[in-house]
Amino acid sequence: MSDFLTKEESMREPLQAAFSETMNPIGLNGVEFIEYTTARPQALGQVLEMMGFRPIARHRSREVQLYRQGDINIVVNAHASTDPVGPLSAGLAGDEQMHTRIAAIALRVRDAQTAFNYVVDKGAWAVNTYPQVMELNIPAIHGAGGSRLYFVDRYKEFSIYDVDFVPTPGVDQHPPATAGMHFFGIVQYIGLDRSDDWLTFYQELMGAQPVPAHERFGILPQGTLIRFPSTDTSASFMMQLIEPEGDMFDGAEYVQRIGFGVHDVRAAVQQLSEQHVEFVKTSGAHTDARGAITKTYEHGVVFEFVHSQFGVKS
């Protein structure tokens, strides 16, 4: 959510002089975590464990679990509350209690507060957070469909999890990635004729650039593809912006699924199938060397696999 989506250029806030880098203005360096909100944390946890994730830590004061494999972190938030829950996304309320959905994306940046100030100055809408005692205050802005975009600068030797989470005893805190899985991208569904608006949002605030039409990834190439910059080339990630098809009108905007990169799609699908993950097999979407997509779990949880050269081979 941003003034870029609602205001004329002359009405927007001026740029901060402190950021002269045009290619990567906030020092992006990949994705720190994806957060799901759910009323069925055990069911979602079973899906994640089939995918190779392991529950490595729990939040100190909330019903929130951290899952990890390789360099991929997924937060499962089942903190049922109508009040903001501090450094994590808003609690479940009303109809949302029936759905499992992606509620937040945390971006690794050079300096979290400076990045937050920059994007707010550029027109992003700030999220008011309410951290409790001994909790980090992670700055955030509004994203698609009520989701949040967090800015995290503690992700190396000392991370945000060292403050807010308690490690699960006896569990490897750094489980290896299944089939070399690594974070590749995000699929965001947007409203009709909104591609230019969202492209401008990500381009002007974060330095994302459109990918040429001939350069495509995976098995579902529709929509507008953009690439986000990164201080580490291997941490760069994609976003696919998808409008409603044909004459269908759907104004809903939300983050729909995560894309994982693997070196060998077929080998990854074989390994995950042995762990009871089911993949879509239709004429329009089936496993091949370019990619694969899982069936829908928990009424909205889908994972896509894409051939990628990055990541660590298993």
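The values are calculated or read from the model by the stated rules, or taken from the named source; none is laboratory data. None of these values were measured; they are calculated from a predicted model. Ideal geometry is used to build each Cβ from the backbone, glycine not excepted, and the neighbour counts take in all protein chains shown.
Filter the stretch 254-302 for residues that are among the basic types (Lys, Arg) and touching a strand residue (DSSP E or B) at 6+ places or on another chain (Cβ under 9 Å); which is farthest from Ala235 (Cα to Cα)? Reasoning before the result, please.
Pass one, the stretch 254-302, residues among the basic types (Lys, Arg): 257, 266, 281, 290, 295.
Checking which are touching a strand residue (DSSP E or B) at 6+ places or on another chain (Cβ under 9 Å) leaves us with 257, 266, 290, 295.
Details: Arg257: 18, Arg266: 23, Arg290: 20, Lys295: 27 Å.
Only one residue tops the list, namely Lys295.
Which residue is surrounded by the most Cβ atoms within 10 Å (Cβ to Cβ), if the candidates are limited to the stretch 159-182 and must be over 19 Å from the mean Cα position of the chain (by Cα) and among the aliphatic types (A, V, I, L, M)?
Only one residue tops the list, namely Ala179.
Provide a single number: the residues in the stretch 263-292 that are farther than 18 Å from Phe53 by Cβ, touching a residue at least 12 places away in the same chain (Cβ under 8 Å) and β-branched (Val, Ile, Thr). Explain how you work it out, then say what you get.
Here is the first cut: in the stretch 263-292, the ones farther than 18 Å from Phe53 by Cβ are 263-267, 270, 280-291.
Narrowing further to those that are touching a residue at least 12 places away in the same chain (Cβ under 8 Å): 263-267, 280, 285-291.
With the extra rule that they be β-branched (Val, Ile, Thr), the set shrinks to 265, 280, 287.
Number of matching residues: 3.
Based on this model, can you work out whether Glu274 counts as among the charged types (D, E, K, R) and exposed (fewer than 13 other Cβ atoms within 10 Å of the Cβ)? Before the answer, list the steps.
Working: among the charged types (D, E, K, R): yes; exposed (fewer than 13 other Cβ atoms within 10 Å of the Cβ): yes.
Yes, satisfied.
Looking only at the stretch 282-305, decide whether some residue is of a type in the set (Lys, Arg) and buried (at least 17 other Cβ atoms within 10 Å of the Cβ). Steps first, answer last, please.
If we filter the stretch 282-305 for residues that are of a type in the set (Lys, Arg), which is where we start, we get 290, 295.
Now drop any that are not buried (at least 17 other Cβ atoms within 10 Å of the Cβ), which leaves none.
No, the stretch 282-305 contains no residue that is of a type in the set (Lys, Arg) and buried (at least 17 other Cβ atoms within 10 Å of the Cβ).
Would you list the strands (runs of 3 or more DSSP E) that sit entirely within the stretch 135-223 and hold 1 or more residues that are closer than 28 Å to Gln309 by Cβ? Spell out how you get there, then give the answer.
Working: elements: 140-142, 148-152, 165-167, 182-189.
Qualifying strands (runs of 3 or more DSSP E): 148-152, 182-189.
Out of everything in the stretch 183-201 that is out of contact with any helix residue (DSSP H, G or I) (no Cβ under 9 Å at 6 or more places or on another chain) and surrounded by fewer than 20 Cβ atoms within 10 Å (Cβ to Cβ), what residue ends up being nearest to Arg108 (Cα to Cα)?
Restricting attention to the stretch 183-201, the residues satisfying the condition of being out of contact with any helix residue (DSSP H, G or I) (no Cβ under 9 Å at 6 or more places or on another chain) are 184-187, 192-193, 195-196, 199.
Those left that are additionally surrounded by fewer than 20 Cβ atoms within 10 Å (Cβ to Cβ): 192-193, 195-196, 199.
Values: Leu192: 30, Asp193: 30, Ser195: 25, Asp196: 25, Leu199: 20 Å.
Taking the candidates together, the pick is Leu199.
Scan (1) in contact with a helix residue (DSSP H, G or I) (Cβ under 8 Å, 6 or more places away or on another chain); (2) at pLDDT below 95; (3) surrounded by 22 or more Cβ atoms within 10 Å (Cβ to Cβ) for the single condition Val76 breaks and write down its number.
Against the list (1) in contact with a helix residue (DSSP H, G or I) (Cβ under 8 Å, 6 or more places away or on another chain); (2) at pLDDT below 95; (3) surrounded by 22 or more Cβ atoms within 10 Å (Cβ to Cβ), Val76 comes up short only on (2).
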